[in-house]
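To keep things clear, I will list the structure first and then write my remarks on it.
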């Protein structure tokens, strides 16, 4: 039987590698998004905790510390804005990568389906060829047997 060779196999292999690469890239971007969100939540929680602690202090002591707190708060807000911008960038990158991943995955699935169809067609054609060879062999054997029996008939009659 002739071996199955699909002309688009290399394209399928490259598409599979691209899909795996994009999957890894998506995983890394998801981890970065998670870390950034966690960092933002941690900083906001620390800010709320400090504000709550400041609110519990006596009035005179609170007034003195409040100015320092608000100066630090401005710096914290600036850092939080930067972290939120980074988060937006990472989420945007993740969204774009997800779109590329889904297109690549669909392409791979299509290629695999076409390969399976081509393999099925190849197998049917090979089975037809094998059957044709068997039929030809049977016909030749029958013809040879008929020729032998004709050649042997005169000898039997003698």
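The values are calculated or read from the model by the stated rules, or taken from the named source; none is laboratory data. Model, not experiment: these values are computed from the prediction. Methodologically, a virtual Cβ is constructed for each residue, glycine included, from the backbone with ideal geometry; neighbour enumeration extends over all protein chains shown.
Yes/no per residue for (1) over 25 Å from the mean Cα position of the chain (by Cα); (2) surrounded by fewer than 11 Cβ atoms within 10 Å (Cβ to Cβ); (3) modelled with pLDDT under 95; (4) over 30 Å from residue 38 (Cβ atoms):
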position	(1), (2), (3), (4)
86	yes, no, no, no
96	no, no, no, no
110	no, no, no, yes
115	no, no, no, yes
126	yes, no, yes, yes
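Quick one: would you say residue 150 is within 30 Å of residue 10 (Cα to Cα) and assigned to a helix (DSSP H, G or I)? Judged against the criteria, residue 150 is not a match.
For region 56-84, a tally of residues being outside any helix (DSSP H, G or I) and either exposed (fewer than 13 other Cβ atoms within 10 Å of the Cβ) or in contact (Cβ under 8 Å) with a residue 60 or more places away in the chain (or both) returns 1.
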